[in-house]
1. With springs only between Cα atoms under 10 Å apart, run a GNM on the chain and tell me which of S124, S44, S24 wobbles the most.
2. Given the convex hull over the Cα atoms of the chain, what projected area results after averaging over all orientations, in nm²?
3. First select every other residue whose beta carbon is under 13 angstrom from the beta carbon of D176; then total the charges, Lys and Arg +1, Asp and Glu -1.
4. Could you look at the chain and say what percent of its accessible area is carbon and sulfur, using a 1.4 Å probe and all protein chains?
5. Want the number for V17 to H144: 0.36 nm per residue separation, take away the alpha-carbon distance, what's left?
6. Which of these, L77, L153, L52, has the largest mean-square fluctuation under a Gaussian network model of the chain (Cα springs below 10 Å)?
7. Could you list, in their original order, any pairs among K27/K156; K188/K210; K2/K27 whose Cα atoms are separated by more than 18 Å?
8. Might you tell me the accessible area per residue for the chain, computed with a 1.4 Å probe and given in Å²?
Amino acid sequence: MKILITAGPTREAIDPVRYISNRSSGKMGYALAEAALASGHQVSFISGPVALSAPSEAQTTQVLTAAEMYAAVENQLTSDIDAAIFCAAVADYRPISAAEQKIKKTQDQHITLTLEKTADILGSARSPMGFEGLLIGFAAETQHLEKNAQAKLKQKKCDLMIANLVGDSTTGFDVDENQLQLFYRNGKTDALPRQTKVRLAQKLIEIIEKLGEAKT
Ligand code: CTP
């Protein structure tokens, strides 16, 4: 298969020295890229800024902002891509404009940042991007995991939504292990118990291979 994977956070500049970002180490996305390559797939890998080295056999595009990630996905989500896995933690809002110079501290106790919405990249994959292959999203939730993941599955027209609870220190962000709930378009659900992200990635690639076989 040809698989496109997004990974890591995005960074939205406030001024030349500060930014808004998401807590994402990129470990899950990088493990997915490695697992897909190890299973013989071709990987187009689009990554935000992380402290990991990109898999050498992947065709990697490094981006910083949500807008850059959108442009890279739009450019690479061509009709020869069989499956697209959106693992990136994209900023939902960015400062309406980045200050050209460092914002200086004043006497004020409060300052206000005005933010504007970024484009939903996964939510744009079907339309306007016109992608018809397997579409897989991730949902990081602090509560109401099933309800939120099911809503995202439908809204973003995915075949599979992979959800995990975040907010405690044992799973989710910046740790090597995770546990996942899977929600399929046909209503089926599944769970992958707590294990390393490397092992989870291998299982997810097997699941995506089966979805691909069922589709052809
Ligand atoms: N996503 C994306 N572009 C965005 C926001 C999210 O592609 N601007 C993708 C993520 O990569 C993930 C999925 O959408 O696969 C769900 O992301 P998440 O942040 O959990 O959901 P949101 O749609 O942003 O909703 P909320 O933040 O309100 O939970």
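1. Most flexible of the set in this elastic network: S124.
2. Numbers: hull surface 51.4 nm².
That works out to 12.8 nm².
3. On the way: positive: K27, R194, K197, R199; negative: D174, E177.
Neighbourhood net charge equals +2.
4. Numbers: 5650 of 11710 Å².
The value for the chain is 48 percent carbon and sulfur by accessible area.
5. Details: separation 127, 0.36 × 127 = 45.72 nm, distance 3.57 nm.
Taking 0.36 nm per residue and subtracting the Cα distance, the gain is 42.2 nm.
6. In this elastic network of the chain, the residue with the biggest mean-square fluctuation among L77, L153, L52 is L52.
7. Details: K27/K156 23 Å; K188/K210 14 Å; K2/K27 21 Å.
As for pairs spanning more than 18 Å Cα to Cα, those are K27/K156; K2/K27.
8. Working: 11710 Å² over 216 residues.
Roughly 54 Å² per residue, with all protein chains present.
The values are calculated or read from the model by the stated rules, or taken from the named source; none is laboratory data. Nothing here was measured: the structure is a model prediction, and the numbers come from that model. A quick note on method: Cβ atoms are made from the backbone with ideal geometry, for glycine too, and the neighbour counts reach across all protein chains shown. In case anyone asks, the SASA skips ligands and DNA or RNA and just uses the protein heavy atoms, side chains included. Shrake-Rupley method; radii C 1.70, N 1.55, O 1.52, S 1.80 Å.
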